[in-house]
Every structure is written in structure tokens, then in C-alpha cells.
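Heads up, the thing below is written out as C-alpha cells.
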Amino acid sequence: MLSQNWLVRSIEQKQVADLAGALGILPLTATVLCGRGVVEPEQAKAWLSSSSGSTHDPFALPDMERAIDRLHLAIRRGERVCFYGDYDVDGMAATSLHLLFWRRVGAKAEVYIPHRQEEGYGLHEAAIRKLAQSGVSLLLTADCGTTSYREIEVARRLGMDVIVTDHHQLQSRMPEPVAFINPYRPDSTYPFQGLCSGGLAYKIVEAYARKYGAADVPVESFRDLVALSSIADLVPLRDENRVLVRDGLAQVAQGTRCGIRALTQDLGLNGTCSAGTIGFRVAPCLNAAGRLAHAGLGVRLLTTDSEPVALHLAQQLEQLNRQRREIEEEMTREAIAQVEAKEQPHAIVVGAEGWHSGVIGIVAARLVERYHRPAVVVAFDRDGLGKGSVRSVAGFDVCQALQHCQRDLVAFGGHPMAAGLTVRREAFADFRRRFWGVVEELLDARLKVPTLNVDAAVALAHVQFPLLRELERLQPFGTGNPEPTFMSRGLSVLEKKVVGENHLKLVVRQPGSVPLDSIGFRMGGLAKDLDSGNGRIDAVFSPELNKWKGSSRIQLRLCDVRVGGMRGGRTRNSNLTMIVVV
């Protein structure tokens with residue numbers, strides 16, 4: 001079991017007082033803003049504003065004008081244009097955005113997304129040859145292509161122009177397509193690197209509409225697709241992403257797109273749709289298409305204007321997601337058994353024949369959550385070729401670690417926090433030993449203990465409706481803008497019970513506060529510790545409004561708990577037994 005540090009952010013109180021006074025907001029709200037680096041009143045006003053904010057000039061992205069000029073030429077010539085995407089939500093949403101926009105402005109547009117199990121990620125020579133033979137003369141990638149040097153050259157020799165739009169980090173050199181739009185280009189002066197591929201697709205159509213016009217196609221209507229992309233791909237919800245996602249979530253709540261409306265209705269989601277709802281309910285259903293079937297199902301859902309077709313596709317995706325959960329649970333149990341059977345001190349590397357390659361990334365993430373170590377999960381086929389997914393702990397670059405192991409790998413690539421690899425069975429043991437050694441050498445000791453960041457220590461009496469109403473204005477919450485979390489000590493437990501699937505429900509209070517409901521998901525095992533304690537707990541929580549039958553009550557969603565009300569007491573969340581308060 002793991003220990004965990006509670007780290008309360010250190011905020012200069014003068015900054016808090018100045019910001020609270022300038023905007024007329026509560027000190028706790030100002031504390032949360034300052035903790036996110038938002039210390040100037042004008043910047044804070046933008047964060048708190050419900051109106052749509054400004055975004056950056058799309059022409060500031062390198063090669064933007066070259067890309068839209070080539071697309072305009074394709075429309076004038078009547079060329080066939082293919083938008084080649086990835087099989088995750090970002091790829092589906094980006095290609096859907098392109099398909100909807102470019103067809104409406106007169107392009108002969110089509111979509112190609114590779115099959116996850118049969119083809120794998122990225123550009124493939126066989127697909128390029130097939131598309132060229134069918135008459136495609138312009139290929140635009142979405143969420144891939146940054147390292148596809150050979151495939152781009154093959155396309156060029158076949159008479160096909162390629163435009164690469166991607167947000168993966170560059171490796172040794174830049175590709176040489178007709179245009180290369182990537183915010184991580186070393187020569188880029190674009191002021192924000194955090195756009196996902198859905199965001200880049202939006203920037204391209206925005207630039208085209210500015211230069212060539214698209215009067216009957218409101219570009220802003222595609223922000224719901226950008227919101228899906230951004231939330232699912234875990235890009236930072238800061239800068240212009242906040243504007244795009246906030247507007248996009250409003251469109252989702254209004255049910256403006258037929259397919260998204262059908263999926264949210266099938267999932268029983270009504271009314272306001274938060275970033276958390278998209279990330280934990282909607283995106284997994286869309287991703288299930290690429291994991292277990294074909295991502296084309298997701299593109300069809302996002303582009304259809306037929307209510308019956310949308311409902312049928314939504315039900316199909318929800319069924320696939322149920323199957324995905326069953327497969328994931330079984331594979332996770334088997335992976336944990338491998339970990340428990342053999343000590344893996346610095347990193348986790350597990351593999352088996354028969355594991356579903358579409359689910360290995362989720363299993364790797366579950367292992368990181370449980371053990372707080374970088375994790376590699378490999379699914380081998382009958383021929384001994386293994387497809388692997390790698391997930392990391394915050395602050396450790398797994399791509400850098402894999403570079404030290406490339407002699408054992410067929411291929412690899414990805415982001416600092418998540419990567420993919422291919423390894424042969426006969427090299428797997430050597431790779432595991434080498435990866436363990438690299439992680440031992442490179443992993444900072446401070447990263448080996450998980451840290452729970454806390455915005456402020458508070459008295460429970462300060463958690464009231466005015467605070468929650470102000471905090472709601474900081475949404476959307478997600479990567480780069482997490483939900484506000486607070487710590488309170490010495491809470492008296494007035495009531496406790498275990499509900500649902502091992503969830504702990506408490507009623508707590510402090511001197512001077514009213515009793516407040518709290519819920520700790522998957523924390524039911526703590527109930528026994530409460531019986532043996534002194535009736536007091538320290539807790540880290542996110543306050544929220546629990547709406548039921550027309551009324552609202554304040555509820556504390558527990559992030560972590562220490563039983564006993566004293567240093568060294570026991571704590572428990574889904575995988576913790578001890579914490580250190582910092």
C-alpha cells in the first residue's frame with residue numbers, strides 16, 4: 001500500500017487580498033485563482049466570465065496559410081481530399097469536424113481511420129497506396145504524421161500531397177509535407193502549445209473562413225467537437241482551450257448536435273454537461289468504438305443528422321463500452337496477479353498472450369493508479385509480436401526512458417506521460433530488465449510518493465453556497481485546471497454507512513459549522529477504521545452541489561481521509577493506507 005503527501009499550496013496572502021478586493025470575490029476563491037497562477041485582476045475576470053473570450057490568430061500557426069491555400073485549390077480543381085485520423089476521441093472529433101466543414105464548402109471530402117488491431121496507430125504505407133489508387137490527391141492528417149517521414153515520401157512519389165496536423169512532440173527532425181501544422185514545431189511563435197488535434201482542426205477551418213469565406217457555415221458551431229477532443233485528450237484547460245471548451249460544453253448541454261444528443265440521452269445525462277461528465281461517461285463510449293470495433297462508428301455518430309441512425313449508433317457504442325469494462329476488469333485482475341507474484345520495485349512491466357490490445361492503455365493507467373509507478377502493459381499475438389501501452393507518474397518522461405531501451409524494441413513513440421511500443425516476445429525479458437534499470441536511475445525519489453495537491457486549509461463553516469457559486473465560475477475543470485480541493489482537520493463523524501459499490505457516506509461537522517454530507521467513492525473499507533478511531537477525521541475534499549428533486553445541498557466529495565485526527569493516524573482511499581500531512 002502507498003503513502004501519500006498532502007501538499008497545501010503556498011500562496012502569498014497579499015496577492016489573495018488584493019485579488020479578492022479588486023474583484024469583490026471571496027478570499028477562498030481568490031486563493032484558488034492564485035494557486036493556478038491567475039493573479040492579475042483582468043486575467044481573473046476572464047476566468048470568471050461566463051461570456052465567450054478571445055482566441056489566438058490561427059495564421060500564427062506555422063504553415064497555416066500554405067495549408068488552406070492547398071485546400072482551396074483542391075476545392076477549385078474538384079480533387080478528392082481525405083482526412084486521415086486517429087482512432088481515439090481526438091482523432092474522431094477532428095476528422096468529423098473536417099468532414100462536416102469541407103463538404104459544406106464544396107470539397108470532395110472523405111475520412112480514413114486505421115483499424116486499431118489490424119493496422120495500429122498513424123500513417124500506413126498500404127493505406128496511402130490504396131487511397132492514391134482510388135484517386136485521392138490530397139491527404140490531411142489529424143493527430144498523426146509528425147514522425148511519418150517514409151510514408152509522406154511514399155505519398156509524394158504517388159502524386160499525393162500531404163498536410164500534417166498533429167500535436168505530438170517532434171523527435172529527431174521535422175517531416176517534409178506540403179504543410180506541417182504542429183504547435184510543438186521549434187520555429188513556432190504561436191502563443192499556446194496546448195491545442196489537441198480537434199483544436200487544430202478548428203483553427204484550420206477558422207483560418208479558411210477568414211481568408212476565403214464560409215458564410216453559410218458558422219465555424220463556432222464546431223466548438224462542441226473541440227470540447228470532446230480537448231477533454232478526452234487531457235490537454236490543459238487553460239488559455240484559449242478554456243474558451244473553446246466552455247462554449248463547446250454549452251452546445252453539448254443545448255443538444256445542438258444530433259449524435260452527441262443521442263449519446264447523452266442514452267447514457268441518461270440531462271441538462272448541463274460538465275467536463276467530468278464528458279471525460280468519464282461520454283468519451284469512454286466513443287473510445288470503445290476504436291478499442292473493440294472501428295472508430296468509424298464514432299465518426300458516423302458525430303456527423304449524422306438522422307435521429308434514428310444516431311440513436312442506433314449511440315446504443316451500439318454504449319454496448320461496446322460495457323464489453324470494454326468487462327474486458328478491462330478481467331485484464332486488470334490478471335495484471336495485478338502478475339505484479340503481486342513477482343516484485344517489480346521501480347516500474348511495472350507485464351504482458352500476456354490473448355490480452356486485448358485495445359484495452360492495454362486503460363489497464364496500464366489502472367496499475368499506475370494502484371501502485372504509483374510507471375507501467376507497461378503488453379499484449380502478445382500468436383506470432384510473439386507484442387503491442388504495448390506505457391503510462392507514467394507525473395513528472396517522469398516515459399518517452400525518454402524508452403529511448404534508452406530502443407535496442408530491445410521494434411518501435412515506440414508518444415508523449416512524456418503516455419506512449420506506445422512494439423516488442424517481440426524473445427526481447428521482452430531484456431526490455432523489462434532494462435526499463436526497470438532506467439526508471440531506477442532517472443526517477444526522482446520525490447516522484448515515488450504520490451502527492452495530493454490542496455488549494456487551502458479551511459474551516460468547514462466557510463464552505464457555503466456563495467463559495468460554491470463562485471467556484472462554479474472557474475469551470476471547466478480538468479487537466480491544468482483541476483477541481484478546487486480543500487483540507488479540514490478534526491471533523492466529527494456524526495453518521496456513517498457504506499452505500500452502492502463500496503462507497504463511504506458520512507455526515508461530518510466542525511465547531512461552528514452545520515452538518516454536511518460527504519461521499520468517498522470506493523472508500524467503504526474505511527468504515528471499520530472509523531469504528532476503532534476517536535470519531536474524528538482529517539479530510540481532503542472537493543465541495544459540490546448535490547441536486548435532488550429540485551433542491552440543492554452542499555456535499556463534500558472526499559479525495560482522501562485520515563482517521564484518528566492526529567499525525568500518524570490511518571488513512572484510506574481506493575489504494576492508500578497512510579499519508580503525511582505537509
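The values are calculated or read from the model by the stated rules, or taken from the named source; none is laboratory data. This structure is a prediction, so every number in the text was calculated from the model and none was measured. Backbone-built Cβ (ideal geometry, glycine too); neighbour counts: all protein chains shown. All accessible areas refer to the heavy atoms of the entire protein, side chains included, with ligands and DNA or RNA removed. Shrake-Rupley method; radii C 1.70, N 1.55, O 1.52, S 1.80 Å.
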Result of the Cβ filter at 9 Å on the range 94-123, keeping first residues that are within 19 Å of Glu220 (Cβ to Cβ) and partners that are in a strand (DSSP E or B) and open to solvent by 40 Å² or more (accessible area, probe 1.4 Å), at least 6 apart or interchain, is Ser96/Val111; His98/Val111; Leu99/Glu110; Leu99/Val111; Trp102/Lys108
Residue in the range 485-496 that is nearest to Asp560 (Cα to Cα), counting only those that are touching a residue at least 24 places away in the same chain (Cβ under 8 Å) and open to solvent by 10 Å² or more (accessible area, probe 1.4 Å): Thr485
Can you tell me how many residues within the range 400-416 are modelled with pLDDT of 85 or more and under 18 Å from the mean Cα position of the chain (by Cα)? 0
Looking at (1) touching a strand residue (DSSP E or B) at 6+ places or on another chain (Cβ under 7 Å); (2) of a type in the set (Val, Ile, Thr); (3) closer than 23 Å to His372 by Cβ; (4) surrounded by 19 or more Cβ atoms within 10 Å (Cβ to Cβ), find the lone condition where Val423 falls short. (3)
Restricting attention to the range 253-265, the residues that are at pLDDT below 95 and either farther than 16 Å from Glu318 by Cβ or of a type in the set (Asp, Glu) (or both) number exactly 4
Test: Leu71 is touching a Gly at 6+ places or on another chain (Cβ under 7 Å) and surrounded by 16 or more Cβ atoms within 10 Å (Cβ to Cβ): no
Taking only the range 447-475 into account, find how many residues are among the hydrophobic types (A, V, I, L, M, F, W, C), surrounded by fewer than 15 Cβ atoms within 10 Å (Cβ to Cβ) and in contact with a Leu (Cβ under 6 Å, 6 or more places away or on another chain). 0
Mind checking whether some residue in the range 329-341 is closer than 26 Å to Leu263 by Cβ, charged (D, E, K, R) and without any contact (Cβ under 8 Å) to a residue 12 or more places away in the chain? yes
For the range 29-57 the number of residues that are open to solvent by 30 Å² or more (accessible area, probe 1.4 Å) and in a helix (DSSP H, G or I) is 5
Looking only at the range 12-25, which residues are surrounded by fewer than 18 Cβ atoms within 10 Å (Cβ to Cβ) and either part of a loop (DSSP other than H, G, I, E, B) or among the charged types (D, E, K, R) (or both)? Glu12, Lys14, Asp18, Gly24
So Ala107 clears everything in (1) under 23 Å from the mean Cα position of the chain (by Cα); (2) modelled with pLDDT of 95 or more; (3) open to solvent by 10 Å² or more (accessible area, probe 1.4 Å) except one condition, right? Which one? (1)
On the basis of being open to solvent by 20 Å² or more (accessible area, probe 1.4 Å), part of a helix (DSSP H, G or I) and acidic (Asp, Glu), does Glu343 make the cut? no
Subset of the range 74-96 [open to solvent by less than 30 Å² (accessible area, probe 1.4 Å), aliphatic (A, V, I, L, M) and assigned to a helix (DSSP H, G or I)]: Ala74, Val89, Met92, Ala93, Ala94
Enumeration of residues in the range 525-557 that are in contact (Cβ under 8 Å) with a residue 24 or more places away in the chain and among the charged types (D, E, K, R): Asp529, Arg536, Asp538, Glu544, Arg553, Arg557
The range 170-222, subset in a loop (DSSP other than H, G, I, E, B) and among the basic types (Lys, Arg), residue least open to solvent (accessible area, probe 1.4 Å): Arg185
Quick one: would you say Leu443 is surrounded by 14 or more Cβ atoms within 10 Å (Cβ to Cβ), more than 17 Å from Asn5 (Cα to Cα) and under 28 Å from the mean Cα position of the chain (by Cα)? yes
Which condition from (1) open to solvent by 10 Å² or more (accessible area, probe 1.4 Å); (2) part of a strand (DSSP E or B); (3) of a type in the set (Asp, Glu); (4) within 26 Å of Gly35 (Cβ to Cβ) is the one that Asp560 breaks? (1)
Does the range 353-361 contain any residue that is among the polar types (S, T, N, Q) and part of a helix (DSSP H, G or I)? no
Exactly one of (1) over 30 Å from Gly194 (Cα atoms); (2) charged (D, E, K, R); (3) under 29 Å from the mean Cα position of the chain (by Cα) is unmet by Arg425. Its number? (3)
For a quick check of your reading of the model, give me the residue pairs whose first member lies in the range 468-483 and is within 16 Å of Ser51 (Cα to Cα), whose second is open to solvent by 60 Å² or more (accessible area, probe 1.4 Å) and of a type in the set (A, V, I, L, M, F, W, C), with beta-carbon atoms closer than 7 Å and at least 6 apart or on different chains. Glu470/Leu26
Counting only residues in the range 114-137 that are touching a helix residue (DSSP H, G or I) at 6+ places or on another chain (Cβ under 6 Å) and either modelled with pLDDT of 95 or more or not in a loop (DSSP other than H, G, I, E, B) (or both), the one most open to solvent (accessible area, probe 1.4 Å) is identified as Glu125
Out of the range 143-160, which residues are at pLDDT below 95 and not in a loop (DSSP other than H, G, I, E, B)? Tyr149, Arg150
